[in-house]
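Read-outs throughout are calculated quantities, based only on the coordinates presented, and are distinct from any laboratory measurement. Remember, predicted model here, so these are calculated numbers, not experimental data. Please note: Cβ atoms are built from the backbone with ideal geometry, for glycine as well, and neighbour counts cover all protein chains shown.
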Amino acid sequence: MSVLSPITSASLEHAVGVGSAVFGASMLAGSYYAFVSTTDCWIQQGATPTATAGAGSMFVPAKTVWFLDGAAGADLAVIQDTAGGKASLTRCLKY
């Protein structure tokens, strides 16, 4: 069984608002990342993602950690569902 451990010093913070915002994290294939937000939001991962509150993006409830594989795309975009907040994207080590 594998365990993912966040590298807290590698954490990026981004405001979640009414417009799609890209972390610009340059996520690496073969690496994993933990995503969490203080507010309900929608995310889209890819080469040049634009998150939308609907089809083509994934809904992520507030204060829920989601693990993402960098192989699915180098960047992550986020947009609020109904209210703004903050989001964090953190690279993880896999043991």
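Calculate one ³J(HN,Hα) per residue across the range 5-16 by plugging θ = phi - 60° into the Karplus curve 6.51 cos²θ - 1.76 cosθ + 1.60, and present them in order as whole Hz with x for glycine and proline.
For the range 5-16, the Karplus curve yields 10, x, 9, 4, 6, 9, 7, 10, 10, 9, 6, 9 Hz.
HN-Hα J couplings of the range 32-40 from phi, Karplus 6.51/-1.76/1.60, θ = phi - 60°, integer Hz, Gly and Pro as x?
Karplus values, whole Hz, x for Gly and Pro: 10, 9, 9, 10, 8, 9, 7, 9, 4.
Quick one: divide the alpha-carbon radius of gyration of the range 4-94 by 2.2 N^0.38 Å and tell me what you get.
0.96
What does the net charge come to around Ser31 if you take all other residues with beta carbon closer than 11 Å to its beta carbon, with K and R at +1 and D and E at -1?
+1
So who's got an amide H within less than 5 Å of the one on Val60, skipping anything under 5 residues away but keeping other chains? H placed 1.01 Å off N, in plane.
Counting only residues 5 or more places away or on other chains, the set is Cys41, Trp42, Ile43.
Could you give each residue of the range 51-60 its phi-based ³J(HN,Hα) in whole Hz, using Karplus coefficients 6.51, -1.76, 1.60 with θ = phi - 60°, and x for Gly or Pro?
So the J values, rounded to whole Hz, are 6, 10, 7, x, 3, x, 10, 10, 6, 10.
With a sphere of radius 10 Å drawn around the Cβ of Pro61, what net charge do the other residues whose Cβ falls strictly inside it have (Lys, Arg +1; Asp, Glu -1)?
Around Pro61, the surrounding residues sum to -1.
Please state the charge dipole magnitude for the chain, taken about the Cα centre, from unit charges on C-beta atoms (+1 on K and R, -1 on D and E), reported in debye and rounded to the nearest 20.
180
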